1. In the set Glu193, Glu183, Glu220, which member is among the acidic types (Asp, Glu) and buried (at least 17 other Cβ atoms within 10 Å of the Cβ)?
2. Might you check whether a residue that is in contact with an Asp or Glu (Cβ under 6 Å, 6 or more places away or on another chain) and assigned by TED's automatic domain parsing to the domain that holds Asn136 occurs anywhere in the stretch 61-73?
3. For Ile179, all conditions in the list (1) in contact (Cβ under 8 Å) with a residue 60 or more places away in the chain; (2) part of a helix (DSSP H, G or I); (3) within 29 Å of Met5 (Cβ to Cβ); (4) of a type in the set (A, V, I, L, M, F, W, C) hold save one; what is the number of the exception?
4. Restricting to the stretch 225-247, what's the tally of residues that are crowded, with 16+ Cβ neighbours inside 10 Å, more than 22 Å from the chain's Cα centre (by Cα) and within 14 Å of Lys270 (Cα to Cα)?
5. Between a residue in the stretch 30-56 that is farther than 25 Å from Leu148 by Cα and any residue that is β-branched (Val, Ile, Thr) and part of a strand (DSSP E or B), which pairs come within a Cβ distance under 7 Å, given they are 6 or more apart or on different chains?
6. Which of the residues spanning the stretch 13-64 are among the aliphatic types (A, V, I, L, M) and assigned to a strand (DSSP E or B)?
7. Output the residues belonging to the stretch 44-59 that are under 22 Å from Ile175 (Cα atoms) and surrounded by 21 or more Cβ atoms within 10 Å (Cβ to Cβ).
8. Within the stretch 83-122, can you find the residues that are among the acidic types (Asp, Glu) and more than 19 Å from the chain's Cα centre (by Cα)?
Amino acid sequence: MPLPMPKGKNILVQFNERPANFSMPSMEISTDHYSISYAISGDRRVITPMYSFTYHSGDIFVGIPYLYHRTVPESEIAYINYMIKFSPGFADEFTELFGKNIFDDIYGRGVWNFSEENQEKLKKMLEDMYDEYVKNKIYTEMILKGMLFRLLITIYENKIDKDMVHHKSPLTNPIINSIYYIEKNYSKKITLEDAANEAHFSVSHFSRVFHEQLGMPFSEYLGNVRLRHAKRLLINSKKSVMEIALETGYCSGDYLSTQFKLKIGVTPTKFRNEYKEVTIKK
């Protein structure tokens, strides 16, 4: 379980550095605070009962009290972030001044994206908040409250929607455990039996429940996970299609190309080239 707010404090600002392979060992819940996490580097997959998403450098992940979640690495890049936690009452004045609708809009999604210019602005604001927090003066919380309100308004005014996968129905812990297993082992030969064992279900029961909660069969979900990682490597590495295929659980480059054309509509090579062209134009 995430550490609760320190006794007597209403806001906590942390700077965290973790290795790329850092994973949450189990589902965790934040019982007494809202959170704002800004990724300085690294790529994480966040799994909650209601939705899942990938969280990259420059993104902000917001969490509400009693939100169960679990994260798993999405790349081999070290995970560095700023984390703000604040008690629900600490933001009461914000909702009184600016309206509850703004606060609810910010926390209505799990993750937000920003332009490169606004990423730098947000990073600087969080750096300043961390510097103020470590001073630990008698007036620190009062100053941080104003800085938090400014941060929330900046998020609200500049946020950009980011892709999230909404689950067909709330995920139960056994299914989340199986998804976590898939996310950790997608590069290996995973069977339906393996995933069912992680959930402690029979194969037939697991297949039915998995489909009910995810809206797709196990094989399709596994294929989507592998495809997502293949796209990441095509964009962020110079590895060949064959190397990427072997690294993401495909038996050959030809099979990866077939799946890419089927699901994405183009070959892996064309996908990579089109992405480069769009990036250059920007």
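1. Result: Glu183 is the single residue among Glu193, Glu183, Glu220 that is among the acidic types (Asp, Glu) and buried (at least 17 other Cβ atoms within 10 Å of the Cβ).
2. Taking every residue of the stretch 61-73 in turn, at least one turns out to be in contact with an Asp or Glu (Cβ under 6 Å, 6 or more places away or on another chain) and assigned by TED's automatic domain parsing to the domain that holds Asn136.
3. (3) is the only condition that Ile179 fails.
4. Of the residues in that region, 1 qualify.
5. Sorted first by the residue in the stretch 30-56, then by its partner, the pairs are Arg45/Thr54; Arg45/Thr71; Arg45/Val72; Tyr51/Val165; Ser52/Val46; Ser52/Val165.
6. Of everything in the stretch 13-64, those that are among the aliphatic types (A, V, I, L, M) and assigned to a strand (DSSP E or B) turn out to be Val13, Ile29, Ile36, Ala39, Ile40, Val46, Ile47, Ile60, Val62.
7. Arg44, Arg45, Val46, Ile47, Ser52, Tyr55
8. Asp92, Glu93, Glu96, Asp104, Glu117, Glu120
The values are calculated or read from the model by the stated rules, or taken from the named source; none is laboratory data. All of these numbers come straight from a predicted model, not from anything done at the bench. Virtual Cβ from ideal backbone geometry, glycine too; neighbours counted across all protein chains shown.
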